[in-house]
Each structure stands twice: as C-alpha cells, then as structure tokens.
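Below: the structure, in structure tokens.
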C-alpha cells in the first residue's frame, strides 16, 4: 500500500536506510531509476522533501 502522505506513516526516529531495510534493500540500478541517492539513507524522514519521501514509499511498497 502506498499512502498519500508518506511523512505521516514513516517512523520519524528511523533513518531512511532502516525504513527500506524493513522490507528490502534495492541495488544501485533500482535506486538510480527511482532517483534516490545513497546519501539520503543517512537522513531522517523530516530531512527529506515530500517528493523524496514519496519515492521511498513507492520503493518500499515494491
């Protein structure tokens, strides 16, 4: 399921790497296709824009 407002459903205490590892960890090719940079993995959801969070939400749902 992909939620309309990803900032409300992601754990604010987890870094984005932890959010993705909960379901799976994609390879660099998939991250590139989604426009996700590896340096974003060290950030918390509050440090990303709405569009960046949406990309993580879609990737997490796959």
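The values are calculated or read from the model by the stated rules, or taken from the named source; none is laboratory data. Note that the coordinates shown come from a computational prediction; the quantities given were computed from them, not determined experimentally. Note: ideal-geometry Cβ built from the backbone for every residue, glycine included; neighbour counts use all protein chains shown.
Below are the figures for this structure:
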item: Given (1) more than 11 Å from the chain's Cα centre (by Cα); (2) closer than 19 Å to residue 62 by Cα; (3) without any contact (Cβ under 8 Å) to a residue 12 or more places away in the chain, index of the condition residue 37 fails; result: (1)
item: Residue count for segment 6-21, restricted to those that are closer than 14 Å to residue 61 by Cα and over 11 Å from the mean Cα position of the chain (by Cα); result: 1
item: Condition check for residue 14: out of contact with any helix residue (DSSP H, G or I) (no Cβ under 7 Å at 6 or more places or on another chain), modelled with pLDDT of 90 or more and not in a helix (DSSP H, G or I); result: yes
item: Tally, over segment 19-28, of residues that are exposed (fewer than 15 other Cβ atoms within 10 Å of the Cβ) and assigned to a helix (DSSP H, G or I); result: 2
item: Subset of segment 29-50 [closer than 14 Å to residue 10 by Cα and in a helix (DSSP H, G or I)]; result: 41, 45, 46, 47, 50
